[in-house]
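A.B. asks: Encoded as structure tokens, here's the structure I'll be asking about.
The values are calculated or read from the model by the stated rules, or taken from the named source; none is laboratory data. Because the structure is a prediction, the values reported are computed rather than measured. In this analysis, Cβ positions are derived from the backbone assuming ideal geometry, glycine residues included, and neighbour counts consider all displayed protein chains. What goes into the accessible areas is simple: the full protein's heavy atoms, side chains included, and nothing from ligands, DNA or RNA. Shrake-Rupley method; radii C 1.70, N 1.55, O 1.52, S 1.80 Å.
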Amino acid sequence: GTRSTIMTVGSATLTVTPTTVVPNQRVSLIGSGFAESGTINKTGDGSSVRIGGVDVGTTRIKDGDVTNGVVLDSGGSWSTSVDLPVNSSTTTAGTVVLKVIDSGAREGVVSLTMPARTLTVSPAVGKVGTNVTITGAGFPGKNDKSSTSISTTVTYDAGGTNTASTTVTPDASGTFSVTLQIPNGAGIPSSNTVKAEFTDADSVKVLTTVSHEVPAATISLSKSSGTPGTDVAVTGAGFKRFAPLDSVKIGTTDVSPSPKPSTLEDGTIAV
């Protein structure tokens, strides 16, 4: 969201924009009523900026300026930018507290909302060898400091070696959209897993998953009935691509054509 939240502790007021954010996102902080002519994040000034009780880190405040830090004016007002960390506090959906303590030990706090990460796959049901579009939201986003960008690996996992994978960097709002091909070795039918994974600042792998379905193959007949010896055309769809025909049976009788054809690129076959 683009709203700002203001919370006052004593005489210190802290405002953050926006308030609904994703990990690694850059937010703007404005403070008033803090220590007159004080500092924040200057080397040795005893101040801190913390999220979920953990220091944000000097490189993420005011583009890493720790020599001068954030200088407060004579009235105790100031403004700066903070690139949110990527750790358990920000990768967990819910509310997290951001606290600023200046060199005069005055403090302000504000709450941030971290949305749940989501994955969607379109179409919701897809045949082997076809493409699906995978969309993610709530992932670590880009900010103005490119060195802090977080890559996310997206994988369609159909079991064993039957996987397709790509790497993406979500945009500033933590969203992405990629296209992957359903592995030709996926089961027909089968329920498979789509995964999106990134590594946080503590080297913890953060995994988000959603299931995706491959439908059963289908066949249709040119005639629904007939006497023995009647010719019937059989059309199939939803099979593996370029797969040789094993057999065509009516009951237990093998009526496969010779030579046996293979499925086409789209998984269809006609005999």
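A.B. asks: May I ask what percent, to the nearest 5, of DSSP beta bridges between residues of the range 122-271 are antiparallel?
C.D. replies: Roughly 95 percent of the DSSP beta bridges within the range 122-271 come out antiparallel.
A.B. asks: Given Cβ point charges of +1 (Lys, Arg) and -1 (Asp, Glu) and nothing else, what value in debye, to the nearest 20, does the dipole of the range 92-215 about its Cα centre take? Please report the intermediate quantities before stating the final value.
C.D. replies: On the way: 8 positive and 9 negative charges, 20 e Å.
That gives the range 92-215 a dipole magnitude of about 100 debye.
A.B. asks: What translational diffusion coefficient, to the nearest whole µm²/s, does the range 118-221 have by Stokes-Einstein, given a Kirkwood radius computed over alpha-carbon pairs, a temperature of 25 °C and 0.890 mPa s viscosity?
C.D. replies: 169
A.B. asks: Evaluate the charge dipole of the range 142-259 about its Cα centre and quote only its size in Debye, nearest 20, assuming +1 on the Cβ of each Lys and Arg and -1 on the Cβ of each Asp and Glu.
C.D. replies: 200
A.B. asks: Once you have a ≥ b ≥ c as the square roots of the Cα gyration tensor eigenvalues for the range 85-144, tell me rounded if a/c is under 1.5, and otherwise prolate or oblate according to whether a/b is larger than b/c. Intermediate results must be reported in sequence, preceding the final value.
C.D. replies: Details: a/c = 5.47, a/b = 3.57, b/c = 1.53.
Here the range 85-144 falls in the prolate category.
A.B. asks: Another question, then. Mind running the shape call on the range 153-271? Use the C-alpha gyration tensor, a ≥ b ≥ c as the square roots of the eigenvalues: rounded below 1.5 for a/c, prolate if a/b tops b/c, oblate otherwise. The partial results should precede the final answer.
C.D. replies: Numbers: a/c = 3.64, a/b = 3.44, b/c = 1.06.
Prolate is the answer for the range 153-271, as a/c is 1.5 or above and a/b outweighs b/c.
A.B. asks: Excluding Asp144 itself, calculate the net charge of residues whose Cβ lies under 11 Å from the Cβ of Asp144, where each Lys or Arg counts +1 and each Asp or Glu counts -1.
C.D. replies: Neighbour charge sum, excluding Asp144 itself: +1.
A.B. asks: Would you list Asp55, Asp171 from the most to the least accessible area, probe 1.4 Å?
C.D. replies: If we order Asp55, Asp171 from most to least accessible, we get Asp55, Asp171.
A.B. asks: Which aspartates and glutamates, if any, have their Cα less than 14 Å from the Cα of Lys145, not counting same-chain residues under 8 positions apart?
C.D. replies: Asp63, Asp65, Asp83, Asp171
A.B. asks: At 37 °C and 0.692 mPa s, what whole-number value in µm²/s does Stokes-Einstein give for the translational diffusion of the chain, with Rh from the Kirkwood sum over Cα pairs? The partial results should precede the final answer.
C.D. replies: Values: Rh = 22.4 Å.
The estimated diffusion coefficient comes to 147 µm²/s.
A.B. asks: Charges only on Cβ, +1 for Lys and Arg, -1 for Asp and Glu: so what's the dipole of the chain about the Cα centre, in debye to the nearest 20?
C.D. replies: 440
A.B. asks: Let me ask you something else. Give the accessible area for Glu107 in Å² (nearest 10); use a 1.4 Å probe, count only protein heavy atoms, and leave out ligands, DNA and RNA.
C.D. replies: Result for Glu107: roughly 60 Å² accessible.
A.B. asks: If the cut-off is a Cα-Cα distance under 28 Å, which lysines reach Lys142, setting aside same-chain residues fewer than 8 apart in sequence?
C.D. replies: Lys42, Lys62, Lys99, Lys195, Lys205
A.B. asks: Moving on. Given the whole protein assembly as supplied and a 1.4 Å probe, what does the accessible area of Arg60 come to in Å², nearest 10?
C.D. replies: Its heavy atoms expose roughly 40 Å² to the probe.
A.B. asks: Continuing with the same structure: Please work out the average accessible area per residue across the range 117-206, using the 1.4 Å probe convention, and give it in Å².
C.D. replies: Heavy-atom SASA per residue in the range 117-206 reads 45 Å².
A.B. asks: Along the charge dipole of the chain, which of Pro189, Phe139, Phe176 sits closest to the positive end, that is, farthest toward it, with unit charges on the beta carbon of Lys, Arg, Asp and Glu (+1, +1, -1, -1)?
C.D. replies: Farthest towards the positive end: Pro189.
A.B. asks: May I pose another question? As I understand it, the dipole of the range 12-66 uses +1 on the Cβ of Lys and Arg and -1 on the Cβ of Asp and Glu, about the Cα centre. Which of Gly31, Gly44, Thr17 lies farthest toward its positive end?
C.D. replies: Farthest towards the positive pole: Thr17.
A.B. asks: No solvent, one uniform scatterer per C-alpha: report log10 I(q)/I(0) for the range 1-112 via the Debye equation at q = 0.15, 0.18 1/Å, two decimals.
C.D. replies: Values, matching the q order: -0.56, -0.81.
A.B. asks: Rounded to the nearest 10 Å², what accessible area does Lys260 have for a 1.4 Å probe in the complete protein model?
C.D. replies: Accessible area of Lys260: about 110 Å².
A.B. asks: Still on this structure, I have one more. Mind checking Rg over Rh on the range 51-182, alpha carbons, Kirkwood formula for Rh?
C.D. replies: 1.12
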